[in-house]
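One structure below.
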Amino acid sequence: MSLPSESARSAAGRATVGFLLLCGFYVVALAVAGVVGLLAYLVFQNSSSLGTTKAVYAAAALVAVIAGALWRSLRVPPFAPKGVAVTREEAPELWAEVEELAREADTRPPDEIRLDADFNAGVVEEAKALGLLGGRRHLSIGLPLALCLNASQLRAVLAHELGHFSASHTRLGVVNMRGGYAVGLLLRALRSRPYNPATWVFKGYALFYSAVSNAIRRSQELEADRIAAVAAGSSAMRSALRDMEAYSAGWQVFLSDYLHWSMAAGVRPKEPLSGFPLLVEARSTAIDAFYESRMREQRTGCHDSHPATLTRIAVLAGLPDGERAVDERPATALIDDFPVRRAEVERDWLGDESSALDWETAGAEAMDRRTAEAADRAYRALARAGGKEGATFDDFLTALEEASSRGPLAVEEYLDHLRTHHFPDEGAAALIARTARESGAMRYRLRWDAGIDAVGADGEPFPVEELAAVALDAGRGEAASLRPYLEALGVDVAKGVPSEGDTTAEATKERAELVAGLHRAKLGRKDVHLFVATTGLLFLPFARGLGRGDEELRILVDRAGSLRALAERDGAVWLPYEEIVSADMKLRLHLHVTFTTYDGRSFTVREKESGNDRIGDPVEVLGQLAVRHA
């Protein structure tokens, strides 16, 4: 197949538009910088007041920001391929398929094929001279696609990607990538100046650039579809588009509700990709319903990089189907030694699996860990609320029974008292589930059609949420009956105790992840580095020498390996959010807030530096924390 001259002219025209868009960005940026500089000069020549001096400094800073972003945009980071490369010797059949499809698409085959764990396939060409000269070609194939498509569909997807090579889209992509990178750099540099007219100009150009460049991308997708229809068959491409649209939702559910959920609990499933086809099969009805609903709602917007799926399918419907027979084999048949390739990709993606568990065990173990963590938070809240060193599940039930004897209002007052001591929303359910689990009356079960559920010793659903509602719904007046309900289900209340060695400090350090940071702050009279984490605040004695500003904060975390390790250093102060009882925020130019803990300690935090010496927005996060505890 050869590319018609009309398509060739179209490709040349799109390349010209892309180049003009890129040049236009630099012209606009230089023009804005020039106008700002000229205005500052004229103002300075006609006035020498303090306000004028400040305005000139502000203009100079803006020009410096624009100049810096333009300079950085000239040096686009090199392409960094991901995934696992497969050679012709390792996968001769896969390479033969790709090279045959490249001949059908009338293009040079890729120089490298990589397998990865994305629900996608893609091509990249390391073109030179802004796309005028071709370069090394890369094809990536996501194994999740191979796990849910058939062989004909995967061939069509690969033909579509090779079609981007054939129509020179990947060369134009170099120009578009450079333009998008430059616009993004400048907008990020100006994000601290949202009300500056210069920012409005660049945001307007960014919207224009996005609309035009994405219109080009949409036409390229349709062109690659037509090439795929000739090379692999129109019906195969249409069905591939349909299934990819439908299964993409299943992939997101698989990642968020199963894989990432388990990994976040510290549990690595064995052969993780093997779970995806199981989910697709178990949720086929829901996936089909999602597809139908999405197709009714889907529209193509001016900033979308791809046309709506129904639009693409309608265009393909008018094209011939070709002579290739439908290959209903699983797409994995096209990838030599698929189990071996999959294991390599999984190791590259998630690391070593020496301590991994099979999916059934991993799901239950992850839920056990999450339940134990929530239960321990509830136990710590019970101890704080009761003014004791520790608390048990029996303490919780006894307090509920005592309050219930005085009426629903007393129960509600007790529950409110617990909440003021950071008793978690899921605390009652976690206490019940953890105690039932330790009693052997309940276990967790992974279900691909419904996540993780709790079942009793007889395999029937265990009513964790219903029992929690008995405890938390004061209006029902059933709190006193919770203990008999549990005992009837085989729950030994005496088993409800905190994890061994659990303390607020240790537990919150273990789960801490960095949210924001301030290079230099004051804790009382001491200069400190401030790290704002998901579970608390970390104050580290201030020291210079590792880098500048936020760079030094990142180096400290990277070298330590974790916030927990940093918190164990000499002089470090760790303040868990759980221990904060009140906050007093002063209305000053810079942050000034005092946190008080349940045991009477005070922590006064002040912002020492402003500007870019920070990670994220620590001032905003601390302000929100202060408001919650005001």
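Structure summary
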quantity	calculated
Calculated FRET value between ALA314 and ALA249, using beta carbons and R₀ = 25 Å, to 0.05	0.70
Region 204-314: relative contact order as a whole-number percent, Cα under 8 Å and 6+ apart	44 percent
Estimated distance in nm for a label pair at ARG406 and ASP257, the labels positioned 7 Å out from Cα along Cα-to-Cβ	4.3 nm
Modelled FRET efficiency - R0 60 Å, VAL201 with ASP288, Cβ distances, 0.05 increments	0.80
Gained length - SER582 relative to GLU100, 0.36 nm times residue gap less alpha-carbon distance	166.6 nm
Label-point separation in nm, THR420 to SER562, each point 7 Å along Cα→Cβ	3.5 nm
Cross-link reach list, lysines versus LYS203, counting only Cα pairs under 28 Å and skipping chain neighbours closer than eight places	LYS54
Spin-label zone in region 510-528 - amide nitrogen under 14 Å from a point set 7 Å from the Cα of VAL573 along the C-beta vector	521-528
Local electrostatic count at ALA331 - Lys and Arg +1, Asp and Glu -1, tallied over other residues with Cβ under 12 Å	-2
Value of relative contact order over the chain, rounded to a whole percent, pairs C-alpha under 8 Å and six or more apart	10 percent
Anchor LYS509: lysines whose Cα lies under 27 Å away (excluding residues fewer than 8 positions away in-chain)	LYS388, LYS495, LYS522, LYS526, LYS608
Separation in nanometres of the label points that stand 7 Å from Cα toward Cβ, at LEU20 and ARG544	5.2 nm
Integer Hz, Karplus 6.51/-1.76/1.60 couplings in order for region 518-526, x for Gly and Pro	10, 4, 9, 9, 10, 10, x, 9, 9
Kirkwood Rh, Cα atoms: Rg over Rh of region 148-291	1.10
Region 330-484 - Rg (one decimal) and Dmax (whole number), Cα, Å	20.9, 72
Protection proxy ranking, peptides 302-308, 579-585, average beta carbon neighbours within 10 Å, highest first	579-585, 302-308
For region 384-444: rounded, prolate or oblate by the Cα gyration tensor [a/c cutoff 1.5]	prolate
Sequence-distant residues sharing a close amide H with LEU591 (under 5 Å, placed H)	GLU607
Placed amide H near ARG136: partners under 5 Å, 5+ positions off or other chain	GLU126
With at most 13 neighbouring Cβ atoms within 10 Å, loop chymotrypsin sites (Phe, Trp or Tyr not before Pro) (DSSP) excluded, longest segment of the chain	196-630
Correct choice for Cα Rg over 2.2 N^0.38 Å that was computed from the model, options (i) 1.00; (ii) 1.19; (iii) 2.29	(ii)
Solvent-free Debye scattering, log10 I(q)/I(0), computed from the Cα coordinates of region 71-119 at q = 0.24, 0.25, 0.31 Å⁻¹	-0.94, -0.98, -1.14
Span-rule helices in the chain, defined as complete DSSP H runs reaching 27 Å or more along the axis (Cα) with Kyte mean at least 1.0	5-46, 50-73
Debye equation applied to the C-alpha atoms of region 391-547, log10 I(q)/I(0) at 0.08, 0.10, 0.17 Å⁻¹	-0.37, -0.53, -1.02
Cubic angstrom per residue, convex hull over Cα atoms of region 195-258	118 Å³
At R0 = 22 Å, FRET efficiency that the Cβ-Cβ distance of THR594 and GLN624 yields, to 0.05	0.90
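Each reported figure results from applying straightforward, stated rules to the coordinates on display, with no laboratory input. Please read all numbers here as calculations on a predicted model, not as lab measurements. Positions of Cβ are generated from backbone atoms using ideal geometry, with glycine treated the same way; all protein chains shown enter the neighbour counts.
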